[in-house]
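The structure appears right after this line, and notes come after that.
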Ligand SMILES: Cc1cc2nc3c(=O)[nH]c(=O)nc-3n(C[C@H](O)[C@H](O)[C@H](O)COP(=O)(O)OP(=O)(O)OC[C@H]3O[C@@H](n4cnc5c(N)ncnc54)[C@H](O)[C@@H]3O)c2cc1C
Ligand SMILES: NC(=O)c1ccc[n+]([C@@H]2O[C@H](COP(=O)([O-])OP(=O)(O)OC[C@H]3O[C@@H](n4cnc5c(N)ncnc54)[C@H](OP(=O)(O)O)[C@@H]3O)[C@@H](O)[C@H]2O)c1
């Protein structure tokens, strides 16, 4: 597999955060492989990016939840990207997940197993090459399990732990890992939810923060920045009090 | 959520659904009892307001561009600013542009916007080759001069009532530079203005700013601004190196609503005197960048807050060319007698225009901004009577208060529009506050 030092692979590219992120990297001259479970939609994004920024943009079909397809996907890449950004995720419905294992599994596989399954073979190849960066979009929801979304939260917690371990593992081989923990972001995932406006970021802000963190070599990014402190407080609350709080 | 269009009047509390893909729009439409598309909300009144607003800004992909022909295909939420930013460096400009670049392609089609070159090239519809339209039952129609021709024509100026425009093909025009060779002409009064407009017909672009409050022998004085796209050899040596790059201007945002008294007839008069006084006599030529020529107001973001929290409206009418002098004189006098100043008064001469609900027709169009206050409405009703007397009509995208009667008078093809509208909007799911007011 050849390598391309300005190529970015985006997993879950049709997400709102991914679209904004691609624009941010495109402004800086990167080209892309957009991997999405809906390739027709991704194709529209790809045309837009190619025309607006005069960069190359290819589309590949990828379902994060179809673990058995992942090795073949990685083998089929024409070049090993410099950067892999894993944005796919699924908020799901907590109540439904409690009643129905199918929903629970879907949350776990989209946010955890599936992401690991696709990132691991890519990580191995980057390790062999001795360069690259893996960016994983986790969530502040993974910092502490809460009654309102602990299926999603625990899957993201698992993903955060995976990324942190991966960072330690790959560091000595020249591959960096960036964990992104957004707070509230106005996207199709959160559409219709009553998010508090002053705390809610636009996807474009998340994208800007992410690009800056990538260039600075940051390990863990909270975006907007104040979520680091909000979550610090949330994590510091003793369990005997936390269990009585409605969140 | 609380929302209003550019005039900040009326403010309504309605559902706003932000969408970024066509399947999302389809389900949003099918789920709703009443909805209307909204682009960047640059219409002034209640055209883009309804119980449910479908916010199209996220549907903003550019889908194809042919550098040989200059034909661009894009989704309806792409803004004119985006098209300039992407294609001007490649030597292509908008065929028609309104006085702000913060409008979407969908909004430009739905209002069939015009620019300072209407007398030469018609309105936005004249350069739109085709579009796709979502009907109220979720079907997608391809519309052009050859397919679904009636729906194609009814959608221009149709204010979103025939359906939701999803994508469009627009013909851009080639330019050599990002600059305009501009001429300003100081105009003494209304008679002189009409004369200068006649003389200016050969120019691609022409528009006049006029002082609504001066009276007597200087009634209707103002400044004609006209221009042509500058060719490469008209630029100075520095500009020639990067002919598509214009100097960066700082933009400022009006951070809060100014109290309404700030823009009263006294300040308007003082401003006009200053502006008129500053303009050198006779004809003056210069090379200016496209932003200063087309979008002088865009430099101040949210300047609409300058009219105070109660908001403002724009009254824009067109009257046949031959009545120009008399009608304008009567209108200016009526406004002066009312004591209500208008800060921004723009006069332009339209060419011929085919269409069903589109606004332009051969004649003079005048646009006036007014702060909302109780005394305003009787004044506008009185102006309506003058406009009617001279066989004119009002622009829907600026309107917030015209009566059904006034609309029926100005748009004799409304019945044809309604017949066509019924083919794509059978039960009237696409509707707006304006449509209800006008019984559309
Ligand atoms: C400073 C300023 C200067 C202006 N100058 C001019 C000018 O010189 N000439 C001129 O003609 N106009 C002018 N306008 C008016 C403006 O061009 C129009 O109101 C335009 O339609 C606004 O586009 P928008 O995307 O903001 O649409 P909105 O204001 O959001 O909507 C306007 C109408 O278009 C419909 N619409 C929007 N998107 C779609 C869609 N995808 N499908 C179907 N319907 C849709 C809405 O339902 C509504 O009826 C000016 C406005 C401002 C604020
Ligand atoms: N929005 C927030 O407040 C917030 C906060 C913290 C973290 N996050 C995380 O940010 C990331 C991006 O989310 P977003 O807010 O941009 O929402 P989004 O637009 O809904 O993005 C989620 C994306 O995941 C994709 N996806 C879901 N299942 C998939 C699968 N099996 N295979 C491949 N792709 C799949 C979706 O594809 P389709 O487009 O085909 O549906 C969608 O593009 C997610 O990981 C999310 O958990 C979001």
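The values are calculated or read from the model by the stated rules, or taken from the named source; none is laboratory data. Source: prediction; values computed, not measured. In this analysis, Cβ positions are derived from the backbone assuming ideal geometry, glycine residues included, and neighbour counts consider all displayed protein chains.
With the checklist (1) within 14 Å of chain A (Cβ to nearest Cβ); (2) over 13 Å from the mean Cα position of the chain (by Cα); (3) touching a residue at least 12 places away in the same chain (Cβ under 8 Å) in hand, flag the one item residue B:133 doesn't pass.
Result: residue B:133 fails condition (1) only.
Give the number of residues within region B:89-102 that are over 20 Å from the mean Cα position of the chain (by Cα) and surrounded by fewer than 20 Cβ atoms within 10 Å (Cβ to Cβ).
Number satisfying all stated conditions: 3.
Within region A:178-199, restricting attention to residues that are more than 15 Å from residue B:18 (Cα to Cα) and surrounded by 14 or more Cβ atoms within 10 Å (Cβ to Cβ), which residue is nearest to ligand 1 (Cβ to nearest atom)?
Here the answer is A:184.
Looking only at region B:38-53, count every residue that is part of a strand (DSSP E or B) and more than 8 Å from ligand 1 (Cβ to nearest atom) and tell me the total.
2
Somewhere in region A:13-22, is a residue touching a residue at least 24 places away in the same chain (Cβ under 8 Å) and surrounded by fewer than 19 Cβ atoms within 10 Å (Cβ to Cβ)?
no
Sort out which residues of region B:212-229 are modelled with pLDDT of 95 or more and farther than 21 Å from residue B:282 by Cβ, and write them in order of number.
B:229
Do the conditions hold for residue A:55, that is, is it under 16 Å from the mean Cα position of the chain (by Cα) and outside any helix (DSSP H, G or I)?
No.
Just wondering, is there one or more residues in region A:54-69 that are within 14 Å of chain B (Cβ to nearest Cβ) and surrounded by fewer than 19 Cβ atoms within 10 Å (Cβ to Cβ)?
Among the residues of region A:54-69, at least one is within 14 Å of chain B (Cβ to nearest Cβ) and surrounded by fewer than 19 Cβ atoms within 10 Å (Cβ to Cβ), which makes the answer yes.
Out of (1) crowded, with 16+ Cβ neighbours inside 10 Å; (2) within 14 Å of chain B (Cβ to nearest Cβ), what's the single condition that is false for residue A:80?
(2)
Residue B:15 is checked against (1) touching a helix residue (DSSP H, G or I) at 6+ places or on another chain (Cβ under 8 Å); (2) within 10 Å of chain A (Cβ to nearest Cβ); (3) surrounded by fewer than 17 Cβ atoms within 10 Å (Cβ to Cβ) and fails just one. What number does that condition carry?
(1)
One residue is enough: does region A:162-169 have a residue meeting the conditions within 14 Å of chain B (Cβ to nearest Cβ), touching a residue at least 40 places away in the same chain (Cβ under 8 Å), within 14 Å of ligand 2 (Cβ to nearest atom) and within 22 Å of residue A:231 (Cα to Cα)?
For region A:162-169, residues within 14 Å of chain B (Cβ to nearest Cβ), touching a residue at least 40 places away in the same chain (Cβ under 8 Å), within 14 Å of ligand 2 (Cβ to nearest atom) and within 22 Å of residue A:231 (Cα to Cα): absent.
In region B:25-40, which residues are within 14 Å of chain A (Cβ to nearest Cβ) and either within 17 Å of residue B:78 (Cα to Cα) or touching a strand residue (DSSP E or B) at 6+ places or on another chain (Cβ under 7 Å) (or both)?
B:25, B:26, B:28, B:32
Which of the residues spanning region B:218-244 are assigned to a loop (DSSP other than H, G, I, E, B) and in contact with a helix residue (DSSP H, G or I) (Cβ under 8 Å, 6 or more places away or on another chain)?
Once the filter is applied, which keeps residues that are assigned to a loop (DSSP other than H, G, I, E, B) and in contact with a helix residue (DSSP H, G or I) (Cβ under 8 Å, 6 or more places away or on another chain), region B:218-244 yields B:219, B:220, B:221, B:243, B:244.
Can you tell me which residue among A:144, A:129 is within 28 Å of residue A:26 (Cβ to Cβ), away from ligand 2 (no atom under 12 Å from the Cβ) and modelled with pLDDT of 95 or more?
Sole residue among the options that is within 28 Å of residue A:26 (Cβ to Cβ), away from ligand 2 (no atom under 12 Å from the Cβ) and modelled with pLDDT of 95 or more: A:129.
Taking into account only those residues within region B:60-91 that are under 28 Å from residue B:18 (Cα atoms) and part of a helix (DSSP H, G or I), which is farthest from the other protein chains (Cβ to nearest Cβ)?
B:80
Specify which of the listed residues (A:64, A:8, A:87, A:74) is touching a residue at least 40 places away in the same chain (Cβ under 8 Å) and within 21 Å of residue A:186 (Cβ to Cβ).
Criteria check complete, one pass: A:87.
Under 7 Å between Cβ atoms, at least 6 apart or on separate chains: pull out the pairs that start in region B:139-168 with a residue that is more than 26 Å from residue B:436 (Cβ to Cβ) and modelled with pLDDT of 95 or more and end on any residue that is within 13 Å of ligand 1 (Cβ to nearest atom) and part of a loop (DSSP other than H, G, I, E, B).
These pairs meet every condition: B:167/B:76; B:168/B:76.
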